[in-house]
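Okay, structure first, notes after.
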Amino acid sequence: MLVLSPARAASDAALREVRFDQNLNRRISLDAPFLDESGRSVTLANYCNGQKPVLLVMGYYGCPMLCTLVANGLVESLHDLRSDIGKDFTVLHISIDSHEGPREAATKKATYLKRYGRLGAADGWHFLTGNIASIERVASDVGFHYLYDTETKQYAHPSGFVVLTPEGRIARYFFGVNFSPHEMHAALVDAGRNRIGAAVEQVFLLCFHYNPITGKYSFAILSLLRICGVATVLAIGCFIVVSARRRLSSQQQ
């Protein structure tokens, strides 16, 4: 984890260190100790036990914006899956804030269990907290790079989650805040069969290169949006020209 001064944390230069590397087929640290939402001591081996694929989300429970967007997008997609949390797969949230504990985890779990609304999900949806050493081990395993801003007391971090095989190997990455239920279903099925997916194009991560400290998009995403805007205008212009030529040719005939 990076801890930066307020002046650096608000800059694009510092935020370039905030990224989500793709460490496909790497096994996460199954012996890393955490506390679950009830305060029980657990390790990731409790969940990656060879039985079901695991969907792993990293963020923090007091996050004022991006984590909520990721979680809400996740729940919306989970609603469209015929498979169920607890029965068919496990969902783990790990807080990157070592000051958070079971109380914050339990509150967040209750919120999303109510929103999900399916029976049996409580046994398969867990919200974990831990010390800095455990957090950083798992974050490094999945390629989750984040930083802490000392002025705003917030974390800048990437958005998305990973899908793990039942043995705890990284099978697939999902970036952003909106997720395709069809792709999620396919990823869970493949992970359940210990199949490792392909790397996702980095442009999808770039499209969500958001600065959660300043509340603004970085230069990279603004540039991308401008390029897309110009491309759209050119495409419309070409369509109009081609259509006009076709009409003129038809009238001449």
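The values are calculated or read from the model by the stated rules, or taken from the named source; none is laboratory data. Remember, predicted model here, so these are calculated numbers, not experimental data. Please note: Cβ atoms are built from the backbone with ideal geometry, for glycine as well, and neighbour counts cover all protein chains shown. Side chains included, ligands, DNA and RNA excluded: accessible areas come from the protein's heavy atoms. Shrake-Rupley method; radii C 1.70, N 1.55, O 1.52, S 1.80 Å.
What do you reckon, is G124 touching a Cys at 6+ places or on another chain (Cβ under 6 Å) and open to solvent by less than 40 Å² (accessible area, probe 1.4 Å)? Taking the combined requirement at face value, the residue does not satisfy it. Would region 137-153 turn up any residue that is of a type in the set (D, E, K, R), at positive phi and open to solvent by 10 Å² or more (accessible area, probe 1.4 Å)? Looking for residues that are of a type in the set (D, E, K, R), at positive phi and open to solvent by 10 Å² or more (accessible area, probe 1.4 Å), one finds at least one in region 137-153, hence yes. Of the residues making up region 72-83, those that are open to solvent by less than 10 Å² (accessible area, probe 1.4 Å) and either small (G, A, S) or within 13 Å of the chain's Cα centre (by Cα) (or both) are G73, L74, V75, S77.
Just to check your reading of the model, which residue among L66, L92 is within 16 Å of the chain's Cα centre (by Cα), within 17 Å of L44 (Cβ to Cβ) and among the hydrophobic types (A, V, I, L, M, F, W, C)?
So the residue among L66, L92 that is within 16 Å of the chain's Cα centre (by Cα), within 17 Å of L44 (Cβ to Cβ) and among the hydrophobic types (A, V, I, L, M, F, W, C) is L92.
Residues that are open to solvent by 10 Å² or more (accessible area, probe 1.4 Å), hydrophobic (A, V, I, L, M, F, W, C) and closer than 12 Å to E37 by Cα within region 103-121 comprise A106, A110, listed in sequence order. When restricted to residues that are in contact with a Pro (Cβ under 8 Å, 6 or more places away or on another chain), over 26 Å from V200 (Cα atoms) and outside any helix (DSSP H, G or I), region 132-151 contains 3. Just checking, does region 164-176 include any residue being open to solvent by 70 Å² or more (accessible area, probe 1.4 Å), modelled with pLDDT of 50 or more, among the basic types (K, R) and not in a loop (DSSP other than H, G, I, E, B)? Looking through region 164-176, at least one residue is open to solvent by 70 Å² or more (accessible area, probe 1.4 Å), modelled with pLDDT of 50 or more, among the basic types (K, R) and not in a loop (DSSP other than H, G, I, E, B). Considering (1) surrounded by fewer than 20 Cβ atoms within 10 Å (Cβ to Cβ); (2) in contact with an Asp or Glu (Cβ under 6 Å, 6 or more places away or on another chain); (3) more than 24 Å from N25 (Cα to Cα), the lone condition that Y61 does not fulfil carries the number (1). Taking each residue of region 25-45 that is within 15 Å of L56 (Cα to Cα) and looking for partners that are of a type in the set (F, W, Y) with beta-carbon atoms closer than 8 Å, six or more apart or interchain, yields D36/F127; T43/F34; L44/F34. Of L55, L15, all but one fail to be under 18 Å from Y148 (Cβ atoms) and open to solvent by less than 20 Å² (accessible area, probe 1.4 Å); the exception is L15.
Only one of the numbered conditions (1) among the hydrophobic types (A, V, I, L, M, F, W, C); (2) closer than 17 Å to G39 by Cα; (3) assigned to a helix (DSSP H, G or I) is not met by F127, and that is (3).
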